[in-house]
1. Cβ-Cβ under 9 Å, sequence separation 6+ or interchain: first residue in the stretch 82-98 and in the same structural domain as R65 (by TED's automatic domain parsing), partner among the charged types (D, E, K, R) and part of a helix (DSSP H, G or I). Which pairs?
2. When only residues in the stretch 56-77 that are in contact with a Ser or Thr (Cβ under 6 Å, 6 or more places away or on another chain) and within 28 Å of R198 (Cβ to Cβ) count, which is surrounded by the fewest Cβ atoms within 10 Å (Cβ to Cβ)?
3. Need the failing condition index for L175 against (1) crowded, with 16+ Cβ neighbours inside 10 Å; (2) in contact with a strand residue (DSSP E or B) (Cβ under 9 Å, 6 or more places away or on another chain), just the number.
4. Restricting attention to the stretch 245-256, does a residue exist that is in contact with a strand residue (DSSP E or B) (Cβ under 7 Å, 6 or more places away or on another chain), buried (at least 17 other Cβ atoms within 10 Å of the Cβ), under 23 Å from W26 (Cα atoms) and among the polar types (S, T, N, Q)?
5. On the given criteria, is E146 at pLDDT 95 or above and either under 23 Å from the mean Cα position of the chain (by Cα) or not charged (D, E, K, R) (or both)?
6. Any idea how many residues of the stretch 242-278 are of a type in the set (K, R), touching a residue at least 40 places away in the same chain (Cβ under 8 Å) and touching a Phe, Trp or Tyr at 6+ places or on another chain (Cβ under 9 Å)?
7. Just one of D144, D201, D190, D182 is of a type outside the set (F, W, Y), within 26 Å of M19 (Cβ to Cβ), out of contact with any helix residue (DSSP H, G or I) (no Cβ under 8 Å at 6 or more places or on another chain) and surrounded by fewer than 17 Cβ atoms within 10 Å (Cβ to Cβ); which is it?
Amino acid sequence: MGDKTMTADEAVSRLESGMTLGIGGWGSRRKPMALVRALLRTSVSDLTVVSYGGPDVGMLAAAGRIRKLVTAFVTLDSIPLEPHYRAARERGDFELTEVDEAMFMWGLRAAANRLPFLPVRAGLGSDVMRVNPGLRTITSPYEDGETFVAMPALRLDASLVHVNRADRLGNGRYLGPDPYFDDLFCEAADAAYVSCERIVDTAELTKDAAPQTLLLRRHVVTGVVEAPGGAHFTSCAPDYGRDEAFQKRYAGTPWPEFAARFLAGDERAYRAAVKEES
């Protein structure tokens, strides 16, 4: 119930090698990139990453931090396939579990509800079952006798998400067009760290707010990080759009060169390096 504010470095200091880490957002939209950059400044590795992937996955994969990836896709949206992810995958750097987008969502929902699995129709009649031989089906115990995929829970040790506004208690609000399942990422995790564009008083957070925009509840949030521009270079509508020019630079630059230029220092150094590019 108290003040949960912390810095990005304090948040990622609570992460450990070998964890299962969920990362919110969607593709190159509202990703918690300031937290990902802070994570890259640590030695944490051997991660199982669960994400509707974008540059978060690309950077962690390129840096050799991922042991296993669970995803439905890894994209930069305007660039269909994340290039650093593709390069790491082609090298065979990590294990991949690739499922349908709806299966992924129901895996998070199962974990959020502390269920071992949830039955879904998605995946039936597709290669999802072939490429994931560990998946099982289940037959309805009722008269219909229908067969479903038993999507296992995507239980997370920790999650990282980014929203537009939050208060110090851990309540979070999104202002854009889509929640991107960030609430499920927090509910499915033992610990959830939320970065935001701005920390505001609870009264301001809730004033004139449509109920569905009050996405995150304090009881599932462990820490709150104020990080203006914290989704850069992904979008965080309506606060800012995707930095397409910088994303193109990221996609077209060899990873060692990009990391040396933009990730060698702290977040302030990152901002300064980005500004020099504009």
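The values are calculated or read from the model by the stated rules, or taken from the named source; none is laboratory data. Bear in mind that the values here come from a model prediction, so they are computed numbers and not experimental data. Please note: Cβ atoms are built from the backbone with ideal geometry, for glycine as well, and neighbour counts cover all protein chains shown.
1. L96/R89
2. For the stretch 56-77, the residue satisfying everything is D77.
3. (1)
4. So far as the stretch 245-256 goes, no, none of its residues is in contact with a strand residue (DSSP E or B) (Cβ under 7 Å, 6 or more places away or on another chain), buried (at least 17 other Cβ atoms within 10 Å of the Cβ), under 23 Å from W26 (Cα atoms) and among the polar types (S, T, N, Q).
5. So E146 does not fit the description; no.
6. The qualifying residues number 1.
7. D190
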